[in-house]
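Asker: Just dropping this structure here.
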Amino acid sequence: MKKGIIIVGSSNSDGTTMKIASLIGARTNFPIIDLKTKTIGEFDYEFKNKDDDFLPLIRHIVECYQIIVFATPVYWYAMSGTMKIFFDRLSDCLKTEKETGRKLRGMEMAVICCGCDQELKEGFYMPFIETAKYLGMTYMANMYFVEENGLPIVHEAGVNEFLKLIKDGHSVIS
Ligand SMILES: Cc1cc2nc3c(=O)[nH]c(=O)nc-3n(C[C@H](O)[C@H](O)[C@H](O)COP(=O)(O)O)c2cc1C
C-alpha cells in the first residue's frame with residue numbers, strides 16, 4: 001500500500017475526530033498530524049506567516065507520502081476553521097512555494113469527518129473535491145461518522161469500504 005498521512009483539524013485533540021483518525025491510522029499505519037499542535041497562521045497576501053509551521057509540514061508531506069487523509073469535524077456544516085486555514089495556506093504552494101505545489105500533483109486525497117447530525121449535508125465534500133482537482137490530486141474516498149455521546153459510531157462495513165477505496169487506488173470521482 002502507498003504511504004499516507006492523516007491530517008487532523010479539530011479544536012479538540014482528544015475528540016471524536018482524533019478517535020476516527022486513530023481508527024483509520026491503526027488500520028493503515030498512516031501517522032497522524034494534529035494541526036492543533038502546530039502554529040499555522042492564516043493565508044496572508046504578503047506571506048507574513050511564511051516562517052510558521054506550514055511550509056516545513058507541507059514539504060515533509062509531499063516528500064514522504066502519496067496519500068493525504070484529511071480528518072475534520074463538521075463545524076457549522078463545513079470543515080473546521082483549523083482545517084480551512086490549512087487549505088487556505090495551500091495557496092502558498094501556488095505562489096511562493098511552487099516547487100512543493102507541483103509535487104502535490106499526482107498525490108491522492110481522502111476525507112474522514114464526524115458530526116452530530118445523522119446525515120452530512122449535501123455539498124460538504126465539494127471544497128475537498130474541487131481542491132483536489134485544482135491541485136491535480138486524485139480524490140479517492142470519504143467517510144462520515146456520526147457522533148453520539150462523545151464517541152463515533154463505527155460501521156465496520158463502511159470503514160472496510162473506505163479502506164478498500166484508498167488501498168485499491170480507485171477514485172470515487174470519475
Ligand atoms: C462549533 C461547532 C459547530 C458544530 N456544527 C455542527 C454541524 O453543523 N453539524 C453537525 O452535524 N455537527 C456539528 N457539531 C458537532 C460536532 O461536529 C461533533 O460533536 C463532532 O464529533 C466534534 O468533533 P471533535 O470532538 O473533533 O471536535 C458542531 C460542534 C461544534 C463545537
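Asker: Just to be sure before I move on: is F87 open to solvent by less than 40 Å² (accessible area, probe 1.4 Å), touching a strand residue (DSSP E or B) at 6+ places or on another chain (Cβ under 9 Å) and within 16 Å of the ligand (Cβ to nearest atom) in the structure I sent? Steps first, please.
Answerer: Working: open to solvent by less than 40 Å² (accessible area, probe 1.4 Å): yes; touching a strand residue (DSSP E or B) at 6+ places or on another chain (Cβ under 9 Å): yes; within 16 Å of the ligand (Cβ to nearest atom): no.
In short, no.
Asker: Which residues, taken from the stretch 122-141, are open to solvent by less than 70 Å² (accessible area, probe 1.4 Å) and within 15 Å of the ligand (Cβ to nearest atom)? Let's see the steps before the verdict.
Answerer: Applying the first criterion (open to solvent by less than 70 Å² (accessible area, probe 1.4 Å)) to the stretch 122-141 yields 123-125, 127-129, 131-132, 135-141.
Listed by number, the residues that qualify are G123, F124, Y125, P127.
Asker: Let me ask you something else. Here is a list: R105, R89. Which entry is closer than 16 Å to F54 by Cβ and at pLDDT 95 or above?
Answerer: Values: R105 fails: closer than 16 Å to F54 by Cβ.
Of the residues listed, the single one that is closer than 16 Å to F54 by Cβ and at pLDDT 95 or above is R89.
Asker: Looking at E148, E119, E156, E161, which is the one that is in contact with a Cys (Cβ under 9 Å, 6 or more places away or on another chain), exposed (fewer than 14 other Cβ atoms within 10 Å of the Cβ) and more than 20 Å from I7 (Cβ to Cβ)? Working first, answer last.
Answerer: Working: E119 fails: in contact with a Cys (Cβ under 9 Å, 6 or more places away or on another chain); E156 fails: in contact with a Cys (Cβ under 9 Å, 6 or more places away or on another chain); E161 fails: in contact with a Cys (Cβ under 9 Å, 6 or more places away or on another chain).
Exactly one of E148, E119, E156, E161 is in contact with a Cys (Cβ under 9 Å, 6 or more places away or on another chain), exposed (fewer than 14 other Cβ atoms within 10 Å of the Cβ) and more than 20 Å from I7 (Cβ to Cβ), namely E148.
Asker: Could you figure out which of (1) modelled with pLDDT of 95 or more; (2) of a type outside the set (D, E); (3) in a loop (DSSP other than H, G, I, E, B); (4) touching a helix residue (DSSP H, G or I) at 6+ places or on another chain (Cβ under 6 Å) isn't true of I6?
Answerer: I6 satisfies every listed condition except (3).
Asker: Given the condition surrounded by fewer than 16 Cβ atoms within 10 Å (Cβ to Cβ), away from the ligand (no atom under 16 Å from the Cβ) and closer than 16 Å to V8 by Cα, answer yes or no: does some residue in the stretch 28-36 qualify?
Answerer: Within the stretch 28-36, one or more residues are surrounded by fewer than 16 Cβ atoms within 10 Å (Cβ to Cβ), away from the ligand (no atom under 16 Å from the Cβ) and closer than 16 Å to V8 by Cα.
The values are calculated or read from the model by the stated rules, or taken from the named source; none is laboratory data. Being a predicted model, the structure only gives us computed values, none of them experimental. Cβ: placed from backbone, ideal geometry, glycine included. Neighbour counts: every protein chain shown. The area values use the complete protein model at the heavy-atom level, side chains included, leaving out ligands, DNA and RNA. Shrake-Rupley method; radii C 1.70, N 1.55, O 1.52, S 1.80 Å.
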